[in-house]
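The values are calculated or read from the model by the stated rules, or taken from the named source; none is laboratory data. Treat the numbers as computed from the prediction; the structure is a model and nothing was measured. FYI the Cβ positions are ideal-geometry reconstructions off the backbone, even for glycines, and counts take in every protein chain you see. Accessible surface is based on the protein model in full, side chains and every heavy atom, while ligands, DNA and RNA are left aside. Shrake-Rupley method; radii C 1.70, N 1.55, O 1.52, S 1.80 Å.
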Amino acid sequence: MTAWIDGQAADRNEAVAAAAALLAGARSPLIAGLCAEVAAVQAAFDLARAIGASLDPAAGAALYDDLGALAAGGAMTTTPAEARGRADLVLALGRAPWESGLMRDLAAEGPGRGRAAGRPRALLSLGGPGDGAIQHVAYPVDEAGLPAAVGLLRGLVAGRIAGTHPLADLSVRLREALYGVVLYDPAETGALGAEMLNGLVKDLNESTRCFALPLGDPHQGRAVAQVSAWSTGQGPRVGFGRGTPEHDPWRFDAQRQVAAGEVDAALWLASLPAPLPAWTRTLPTVALLGTPKGGEIGGDAARIVIGVGVPGEAFGAALWHPRRAAIAWQDPAPGAEPQALPPAAAILADLLARLTAPATGGPASPPAARSADEPTAQPESPASC
Amino acid sequence: MSTLTLREAPPERLDLGGLHPAALAGLSETEVARLPVGTSRRGLTLGDCFKVSLDGSDELRIVGATERLDRVGAGLGAGRIVVEGDVGQRLGAGMRGGSLTVSGSAGPFAGTAARGGTIRIAGDAAESAGGAVHGAQAGLDGATLLIGGVAGDRLGNRMRAGLIVAKRAGTHAGARMIAGTIVAEEIGDHPGYGMRRGTLIAARHGALLPTFAETGRQDLVVLRLLARSLEGLSPEAAALLRARQRRYSGDLATLGKGELFTPAG
């Protein structure tokens with residue numbers, strides 16, 4: 001089964017028509033999740049522009065901890081591949097790096113390229129649980145927490161705090177490294193901590209090389225940030241209510257908008273696994289859910305549920321590649337049946353065509369024919385407050 | 001006095017930025033009613049949501065306000081705006097002068113980038129009051145922000161100039177401050193995280209960061225001058241400044257030219 005309306009199995013075409021009807025009359029529609037291949041995310045931005053919707057990726061909160069720090073003060077970052085090739089020191093902040101698998105890769109070899117080539121690689125942990133199988137030096141974080149410890153380390157590195165201190169030795173190691181890498185998860189450091197560690201990295205670059213390496217989120221957030229940048233010039237929490245993209249991380253936070261009762265219809269896009277928020281069952285919602293081969297999705301996830309193909313499994317797709325820290329093409333799984341389920345991008349394009357069709361009820365016009373900045377789907381009721 | 005009266009709870013967030021006495025002066029009530037305030041594709045106008053009554057004076061009253069009204073008083077240059085009720089985010093954003101008063105509470109980023117004038121919030125203010133919005137150079141930037149109730153976390157986040165007085169504030173008050181002054185009866189944990197310069201004064205505070213260093217007890221003339229200037233705005237804040245103070249210097253993680261004063265009990 002691949003489509004449901006009100007929990008009842010339905011023809012896919014009927015479900016798409018019902019989805020278009022659900023979104024057509026909405027005052028403030030929301031397109032959330034965006035845990036999908038680049039083509040589908042791009043199609044979601046196109047649809048949002050046409051119907052005046054706002055967008056927020058499932059990865060939103062943690063992504064904005066990093067984007068906020070980036071927008072405020074910039075960042076000097078590297079990629080996992082560069083870190084493996086060049087780093088003679090890796091500092092893991094908190095728990096997340098130890099759960100990422102990257103620490104094992106980094107422990108397996110020393111730097112083979114660049115100025116630190118041939119040196120041993122030191123693995124250091126600040127406030128992390130460590131891993132018994134990986135040789136590393138652990139520095140504790142007291143009850144003040146990780147962001148406070150990062151600030152303290154920055155003060156020590158810059159020489160503004162002197163004297164004996166448990167982290168003084170760590171600051172010396174960072175200064176003496178030829179190519180240091182600070183590995184962190186913005187969800188764990190928070191926006192203030194991320195900005196502080198970017199400052200630490202910049203301070204170190206006064207005398208040596210050091211880079212920040214944020215762990216990607218598992219929900220395509222980094223790819224969504226890029227699609228949003230090339231589609232709107234801004235971060236992914238944008239709204240098209242007034243025609244042009246408005247970037248407002250507070251206003252377009254999906255969780256906040258739904259809790260405040262500001263959303264009257266929603267589309268949840270997750271062709272890859274993402275935790276389903278509770279509101280998809282309470283708000284009039286269309287859910288496009290990736291259905292793995294031989295797997296099942298629940299038809300009760302939302303008022304309208306449409307199964308879509310899993311990118312990189314059912315069909316080839318551009319997805320976030322965590323190792324390369326870039327969008328990369330992923331081929332389908334061997335033996336995939338490409339036509340078994342449509343890609344989410346096709347459903348979204350179908351919705352766009354239906355919602356931008358002339359009001360006379362004539363055939364749908366191709367999306368390319370419309371002006372990019374004009375919301376063409378008109379509200380049904382006249383303006384009233 | 002001109003008055004805008006909200007007819008009913010608005011069905012979407014409204015943007016009242018730029019609606020101030022000087023901007024309305026040359027317009028008729030019909031023209032003002034046609035000004036766009038909606039944020040959805042419905043294209044709501046002021047007249048759709050408010051009863052408009054203008055008299056050309058430099059005072060504007062907004063009656064029946066709710067937390068869905070964003071950017072109230074944004075860009076105000078002169079005159080007076082009095083709000084009866086609550087407001088949403090970015091109250092008085094980029095304000096340059098005049099006075100803005102809210103009888104209820106304010107959403108986040110009240111007074112962001114405000115360069116002049118006085119903002120009074122009788123109730124509470126949500127997070128980042130006087131704070132910078134995403135990617136902005138500065139939060140409060142020279143204006144005066146008075147919060148009668150409780151301010152949320154990150155009060156005065158990246159503020160660059162001006163004065164904030166609040167009764168209480170959450171965690172990270174004065175985070176990333178560039179300069180300016182914050183006075184509160186009580187502030188939460190880790191005040192001044194990443195502050196470069198600026199002054200925090202609080203009768204009580206939560207846990208201090210390890211990057212703040214005590215620099216002794218002080219009786220500074222500048223604090224007495226500040227107390228005198230605060231007398232008219234907030235007698236409680238002025239009284240707080242007259243006590244003998246213990247001074248902490250920070251945040252040594254960054255430039256470290258900021259300071260936290262707390263009465264030396």
Over the range B:154-176, the set of residues closer than 18 Å to residue B:137 by Cα and within 10 Å of chain A (Cβ to nearest Cβ) is B:154, B:157, B:158, B:175, B:176
Of the residues in the range A:257-271 that are within 13 Å of chain B (Cβ to nearest Cβ) and touching a residue at least 12 places away in the same chain (Cβ under 8 Å), the one that is surrounded by the fewest Cβ atoms within 10 Å (Cβ to Cβ) is A:264
Per the filter on the range B:48-92, residues among the aliphatic types (A, V, I, L, M), touching a Ser or Thr at 6+ places or on another chain (Cβ under 6 Å) and either within 14 Å of another protein chain (Cβ to nearest Cβ) or more than 16 Å from residue B:24 (Cα to Cα) (or both) are B:63
So, first residue more than 7 Å from every other protein chain (Cβ to nearest Cβ) and of a type in the set (Val, Ile, Thr) in the range A:235-256, second residue in a helix (DSSP H, G or I) and open to solvent by less than 40 Å² (accessible area, probe 1.4 Å), Cβ within less than 7 Å, six or more apart or across chains; the pairs are A:238/A:228; A:238/A:232
For the range B:232-262 the number of residues that are more than 14 Å from chain A (Cβ to nearest Cβ) and in a loop (DSSP other than H, G, I, E, B) is 5
The correct count of residues that are closer than 21 Å to residue A:321 by Cα and open to solvent by 10 Å² or more (accessible area, probe 1.4 Å) in the range A:17-55 is 4
Those residues of the range B:48-78 which are of a type outside the set (Gly, Ala, Ser), open to solvent by less than 20 Å² (accessible area, probe 1.4 Å) and closer than 12 Å to residue B:6 by Cα amount to B:49, B:50, B:62, B:69
If we ask which residues in the range A:312-333 are within 30 Å of residue A:82 (Cα to Cα) and in a loop (DSSP other than H, G, I, E, B), their number turns out to be 10
Check your understanding: Out of all the residues in the range B:54-62, is one or more hydroxyl-bearing (Ser, Thr, Tyr) and at pLDDT 95 or above?
Key -> no
Within the range B:124-146, the residues that are among the hydroxyl-bearing types (Ser, Thr, Tyr), surrounded by 24 or more Cβ atoms within 10 Å (Cβ to Cβ) and more than 14 Å from every other protein chain (Cβ to nearest Cβ) are none
All-but-one check, residue B:81 against (1) closer than 21 Å to residue B:232 by Cβ; (2) open to solvent by 30 Å² or more (accessible area, probe 1.4 Å), failing number (2)
Exactly one of B:39, B:45 is surrounded by 23 or more Cβ atoms within 10 Å (Cβ to Cβ), within 14 Å of chain A (Cβ to nearest Cβ) and either modelled with pLDDT of 95 or more or over 22 Å from residue B:151 (Cβ atoms) (or both), and that one is B:39
Counting only helices (runs of 4 or more DSSP H) entirely within the range A:143-222, those with at least 1 residues that are out of contact with any helix residue (DSSP H, G or I) (no Cβ under 7 Å at 6 or more places or on another chain) and surrounded by fewer than 23 Cβ atoms within 10 Å (Cβ to Cβ) are A:168-176, A:186-204
Residues in the range B:1-16 that are within 8 Å of chain A (Cβ to nearest Cβ) and crowded, with 17+ Cβ neighbours inside 10 Å total 4
